[in-house]
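Okay, so here's the structure we're looking at.
What follows is calculated from the coordinates using simple rules that are stated; it is not laboratory data. This is a predicted model, so every value here is computed, not measured. All Cβ positions, even for glycine, are placed from backbone atoms using ideal geometry, and neighbour counts span all protein chains on display.
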Amino acid sequence: MSAVSCKVVLISAIASGQGKTTTTAALARKLIKLGQKVRIFKTGPDFIDPMMLERACGAPVHSLDLWMVGQPASQAMLAQAALEADVILIEGVMGLYDGNPSSADLANAFGVPVLAVLDASAMAQTVGALALGLRDFGPVHLAGVIANRIASAGHAKMVADAMRDIPLLGSLLRQSVTLPERHLGLVLPQEVGQLDAILDQLADELSIDMEAWNSLPATHFEQVKNLPATPSLLQGKTIAIARDAAFAFIYPANLDCLRDLGAELVFFSPLNNDAVPSQADAVYLPGGYPELHAQTLSSATLWQASIRAAHAADMPILAECGGMMALTESLTDQKNVRWNMAGLLDGQVIMQQRLAALGGQALTTKQGELRGHTFHYSRFETSLKPLSRTIKHANKEAGEAIYQVGNLQASYFHAYFASNPAATAALFLKKP
């Protein structure tokens, strides 16, 4: 194996809400304006942040995760990106040491330095104490800090003077524009007016010590040449994939995996009342925000009739989270309004204020373990008996229910297809 090198930083924080995504997007845009080619990865399972970061850097943003993706596949993606980019930014998840594996585990596994984003809006010198704690607790190689929500040059100087031997690599002013959020995270990029102008403004408001930045060493990656080949188990099959604002939660790696399996992919929009494409051999309904578009979906009669017809014809259908919600009898939204859905699954989905489930989970199949995660704010009230349940990665307890009705499989579980391509292929083939 031969090694490749690239400047890489993992951007993390003490917790969610410190501004990791905003800072990562701003830094990417700033470096691109300086003529650098930037690639971004996201730590752990996530759909929305990668879409926003893709807009910031202009390239697909894949997940890195030592458990869900696996260390060899993560290393292969990093090595490939290092061949193509001047800089790789990896946005962490939650706080630096949260989760198993954590962002710190990922950084240490690949020898990647950490850049901490710390919200300085209600403090000054204490930023230095937080930085020291982040560095030494693991420890990790803490390359520096970006102080977020800085009020003035004087405020930034107080923070810098307290950093001791940790560089203050940059600061970001209290934002006059922000990336809007809702219950599952950021608002989808296509819903944000003048998003590119916002990203450019954030880049302009980000101050970077370029001398300190340029002095960061490159990270070396061994190229991985022995990853198993993906079998062509879906050769000749066409998979219809719902893709619009209601069904937007799709890992780029899932699409790559289906293509590697030999499938042809066609996309359609239930929100536009599109029917399932006539050439489809199987249907994939990913997660998203059906609760925000329940009224439109309830009146999309052509879409509903077509998915019922596909199910009646015994076509394989995989419905994940939001995809499952759209196939129940009804969906009650955040305003407590009940909307009729496609009705392939007995029962009703009800949105709630509190988080219902979050974390890595795995599904045991005849082809082995298929890994993924769950993250939802609704509950499914049904008389259906689960075919099986996923297993929670954190404690090995039973996780999400898997429902099987004919050739329809539905669950709150989001699968990461590349973790087991053979198990993925089986989801889109008719059951014997």
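Below are the figures for this structure:
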quantity: Relative exposure of Val405, Val38, judged by other C-beta atoms within 10 Å (fewest first); calculated: Val405, Val38
quantity: Whole-Hz couplings from phi, Karplus 6.51/-1.76/1.60, listed for the stretch 345-354; x for Gly and Pro; calculated: 10, 5, x, 10, 9, 10, 6, 9, 6, 9
quantity: Three-way shape label, the stretch 1-124, alpha-carbon gyration tensor, a/c 1.5; calculated: oblate
quantity: Cα long-axis angle, helix 20-33 against the chain (0 to 90 degrees, to the nearest 10); calculated: 70
quantity: Stretchable slack from Gln235 to Lys335, in nm (0.36 nm times residue separation minus alpha-carbon distance); calculated: 31.5 nm
quantity: Cα-based Rg and Dmax for the chain, where Dmax is the largest Cα-Cα distance (Å); calculated: 22.4, 70
quantity: Trypsin sites (Lys or Arg not before Pro) restricted to the stretch 106-165 and DSSP loop, no more than 13 other C-beta within 10 Å; calculated: Arg164
quantity: Asp136/Asp204 FRET efficiency (R0 45 Å; Cβ-Cβ; nearest 0.05); calculated: 0.85
quantity: Sorted by Cβ neighbour density within 10 Å, fewest at the top, the residues Glu397, Glu91; calculated: Glu397, Glu91
quantity: Shape of the stretch 238-427, Cα gyration tensor, a/c cut at 1.5; calculated: oblate
quantity: Among the listed pairs Lys237/Lys335; Lys42/Lys431; Lys237/Lys396; Lys237/Lys366; Lys237/Lys392, those beyond 29 Å (Cα-Cα); calculated: Lys237/Lys335; Lys42/Lys431; Lys237/Lys396; Lys237/Lys392
quantity: Among Gly92, Gly372, Gly70: highest mean-square fluctuation, GNM of the chain, C-alpha pairs under 10 Å; calculated: Gly70
quantity: Cleavage-rule hits (trypsin sites (Lys or Arg not before Pro)) in the stretch 343-385: DSSP loop, at most 14 neighbouring Cβ within 10 angstrom; calculated: Arg354, Lys366
quantity: Cβ-placed point charges (K, R +1; D, E -1), dipole of the stretch 238-427 about Cα centre in debye, nearest 20; calculated: 460
quantity: Amide H contacts of Val117 (H built 1.01 Å from N, under 5 Å, at least 5 apart or other chain); calculated: Ser12, Ala13, Ile146
quantity: Whether the stretch 3-222 is rounded, prolate or oblate, judged on the alpha carbon gyration tensor where a/c under 1.5 counts as rounded; calculated: rounded
